[in-house]
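The block underneath contains the structure these notes are about, expressed in structure tokens.
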Amino acid sequence: MARKLDFYFDCSSPWTYLAFHAVQPLAAELGVELVWKPILVGGSSTPSTKTVYDNRATTQPTQAGL
């Protein structure tokens with residue numbers, strides 16, 4: 001039975017780009033099959049993180065250069 005490595009990725013994440021280039025040679029070296037698993041990191045947020053997204057939507061005076 002072939003060994004598999006699940007690779008979860010979000011195309012909107014800059015970390016995905018970096019990991020994408022690192023995981024492929026690693027999988028080849030270890031002789032494992034990559035199983036691509038697309039996810040939406042922003043869609044996995046909980047109600048407790050709602051205020052974080054609300055704060056990002058609101059410009060603060062220091063952010064506006066005032």
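Coordinate-derived values only; no laboratory data. Worth saying up front: this structure is predicted, and the values here are computed from it rather than measured. Note that we place each Cβ from the backbone using ideal geometry, even for glycine, and neighbour counts take in every protein chain shown.
Label positions at R3 and E29, each projected 7 Å from the Cα along the C-beta direction, are separated by 1.3 nm. Taking amide H as placed 1.01 Å from N in the peptide plane, the amide H of F9 sits under 5 Å from that of K37, I39, each at least 5 places away or on another chain.
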